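What follows is one structure encoded as structure tokens, with my remarks underneath.
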Amino acid sequence: MRVPVDMASQAVALAKTAKKINLSLSEKSFNDLQEIVAENGRTMSDVIRFALSLAKMYFDESKRGRSLFIGDRDGKILTKIVFP
């Protein structure tokens, strides 16, 4: 599989500045992570970085009194995202 140039350059830049962490997950969370990785062709690191960016967005918007929602293609709100 060929990696797009912009993704390859991002990976090189990240490798130079990345910080490593040790992460403990429940078995269910680990299985969920593996499922997301397998179904979407992403790495575990990609999925965790994406989840972190969503969590940051959630908290930033919550500070502003805003909420995040899931909607359908017609714009109908299906559910409000609530951080447990």
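The values are calculated or read from the model by the stated rules, or taken from the named source; none is laboratory data. For clarity, every value in this text was computed on a predicted model and none was experimentally measured. Cβ: placed from backbone, ideal geometry, glycine included. Neighbour counts: every protein chain shown.
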## Note on the structure
Filtering the stretch 61-71 down to residues that are surrounded by 10 or more Cβ atoms within 10 Å (Cβ to Cβ) and assigned to a loop (DSSP other than H, G, I, E, B) yields Arg66, Ser67
### Query
In the stretch 11-30, how many residues are within 18 Å of Ala51 (Cβ to Cβ), in a helix (DSSP H, G or I) and modelled with pLDDT of 70 or more?
4
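So that you can scan it fast, the table gives a plain yes or no per residue for (1) of a type outside the set (Phe, Trp, Tyr); (2) part of a loop (DSSP other than H, G, I, E, B); (3) within 17 Å of the chain's Cα centre (by Cα):
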site	(1), (2), (3)
Asp32	yes, no, yes
Ile36	yes, no, yes
Val47	yes, no, yes
Ala55	yes, no, yes
Phe59	no, no, yes
Arg73	yes, yes, no
Lys80	yes, no, no
